[in-house]
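> Let me give you the structure first, and then I'll get to my questions.
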Amino acid sequence: MPVETLESLTEQEPSYVQLVETLTPEQIETSREKAGNYLYENGAHSAGKRATDILSVVKEASDKMRTESAEAKIKFTVANVRGLIAEMISKKLDLSECETVFKLKEFLPQSVAIDPYDHYIDMGGLRKDAILVNNFFETGVQDTLPKEGESGYITPDELNTLKKDTITALVDYENIEKRMNVKNTGRDQLIRWHIQNHGHYLGGKKTKTQNKLLSDALSVTDRRDTTTLKTLIENHAEPAYVATTLPDEFLEDAEGKIIGVIEVKAYTPSEVKDWINALKLSTVQEFNTFGLSEQEKSDRAADAALYDRRGSQVNILGKDMNPTGMRLGVNFEGLRYFINVANNEAPHSALKVNVDLINDETAEVVQKEIDLEYPVIVRLPQDIPNEDILELGAVLEKLSISNIAIQKLPFTSQEINEKGFGVYHRFGDTKEMERLKRSIDPNVTFALNRRPAWVE
């Protein structure tokens, strides 16, 4: 019998991307200039957040830390700005314009990187709940509806109108709430009001069908998360809203299919070390229990629960084993689930590819369709040591996370902070922004006006 293995793939497959392991100093400088210039272009954005909205990002971060100290607010705000700047830098760089330090089962079809916001621009914005509702209506919901001639039947046009009305209400929620002019209204009530206001509420026997459809559609946006440890993820039982993760960039093939994603993590070197150590410690608590007593196993399980590891995401604990409030990592499962949503595929579908496999005995080339995890490219700042990235990759491999690559952006985390400082002054110090600035904790804005606040 032929021996067919993925490891036997032919080395040169012209329709697939070969990631670059090293770049020349000239190539790195070109990437730096290309990405750095984008920050000051008109319309520079990532996932719907624009460079010109920098104060809104600052306010949102500061408000999230409302009860924390000024120092904690400033640190959290700078980290959020660094994340946005890194995403905007990344989106201008092709896969060949960043060095690849680690790759595991690399299999990356030709594609172009696009911002998910741009992909969903016709929907009116990038909202996970709206995208999930769209997916609900696009994936065979008609099969569950009354058939033509049956009681409660609604036409395809009526179904499409319900979809559009629901998505519009989710995307334009605040403006519709103002028009509705009712305080403290619930989401479902607002959506039904919006449908009624447009004369789209179906009467008679169609009412029951329309109401059930709307309830079922909104159920996919359930945010409840009752997970302990990683049980629901492993069993694929989490609510769709919790289980899916919006990526920073889509990788789209020539036919418009999403075949992978890029995820940017603007972590500092110390944060990457914390991430690696937390992953190691959490997995020791979870898996190394052979020979332990039941009490010791129980104690290990309690310690593991503190890390709340889900895939590669993990809580960072302090010396007292209490969570610090920081959570690091990449939700590979959630990113791939979102690819399924974007492609209107069944959850946990894989990338189907035709490959040439070699018979190890006869050297005969045999073509076969195989299923692979959708590729995920993780990008980290340039100052993350290669040895740490390789160690991280080894840990991820032990966790059975496959078809990933870890690249380096052409800027260090501190340089990204510096660019955040520049963007803050370029777009935040304007008369148009004075009112918004006054709504932010003055301790935060006072600090951010000065360079030391941006130094890690």
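The values are calculated or read from the model by the stated rules, or taken from the named source; none is laboratory data. Because the structure is predicted, anything quoted here is derived from the model rather than measured. Positions of Cβ are backbone-derived with ideal geometry, glycine not excepted, and every protein chain shown enters the neighbour counts. We work out accessible area using only protein heavy atoms, side chains counted, and drop any ligands, DNA or RNA first. Shrake-Rupley method; radii C 1.70, N 1.55, O 1.52, S 1.80 Å.
> Using +1 at the Cβ of each Lys and Arg and -1 at the Cβ of each Asp and Glu in the stretch 25-92, identify which of GLY83, SER56, ASN42 lies farthest towards the dipole's positive end.
Projecting each Cα onto the dipole axis, the largest value belongs to SER56.
> Rounded, prolate or oblate: which one fits the chain, using the alpha carbon gyration tensor with axes a ≥ b ≥ c (rounded when a/c is under 1.5, else prolate when a/b beats b/c, else oblate)?
Cα axes put the chain in the rounded bin.
> With a 1.4 Å probe and every protein chain kept in, tell me what percent of the accessible surface of the stretch 288-363 is carbon plus sulfur.
49
> Please label the shape of the stretch 288-363 as rounded, prolate or oblate, based on the square roots a ≥ b ≥ c of the eigenvalues of the alpha-carbon gyration tensor (a/c under 1.5 means rounded; beyond that, a/b larger than b/c means prolate, else oblate).
oblate
> I would also like to ask the following. With every protein chain present, what is the per residue accessible area of the chain (1.4 Å probe, Å²)?
Per residue, the chain has an accessible area of 51 Å².
> Using the Cα centre as the reference, give the magnitude of the dipole from point charges on the C-beta atoms of the chain (Lys, Arg: +1; Asp, Glu: -1; all else neutral), rounded to the nearest 20 debye.
2600
> Let me ask something additional. Per the helix-only calculation at 222 nm, which mean residue ellipticity applies to the chain, given -39500 (n - 2.57) for every DSSP H run of n ≥ 4 and division by its residues, nearest 500 deg cm²/dmol?
Result for the chain: -13500 deg cm²/dmol, rounded to the nearest 500.
> To continue, here is another question. When a/c is below 1.5 the answer is rounded, else prolate if a/b is larger than b/c, else oblate, so apply that to the stretch 25-92 with a ≥ b ≥ c taken from the square roots of the Cα gyration tensor eigenvalues.
Prolate is the answer for the stretch 25-92, as a/c is 1.5 or above and a/b outweighs b/c.
> Hey, another quick one. With a 1.4 Å probe and all protein chains left in place, how much of the accessible area of the stretch 25-92 comes from carbon and sulfur atoms, in whole percent?
On the stretch 25-92, the fraction of accessible area on carbon and sulfur atoms equals 47 percent.
> Computing the accessible area with a 1.4 Å probe over protein heavy atoms, can you report the carbon and sulfur percentage for the stretch 378-431?
51
> What percent do you get for the relative contact order of the chain when only Cα pairs under 8 Å and 6+ apart count?
23
> Taking the highest mean first, how do the peptides 92-104, 64-76 order by number of other beta carbon atoms within 10 angstrom per residue?
92-104, 64-76
> Between the stretch 16-52 and the stretch 72-92, what is the separation of their alpha carbon centroids in Å?
Each part's Cα centre sits 15 Å from the other's.
> If you average the C-alpha positions of the stretch 411-453 and of the stretch 376-409 separately, how far apart do those two centres end up, in angstrom?
Each part's Cα centre sits 31 Å from the other's.
> Separate question: Quick check on the chain: of the DSSP beta bridges with both residues there, what percent are antiparallel, nearest 5%?
About 75 percent, rounded to the nearest 5.
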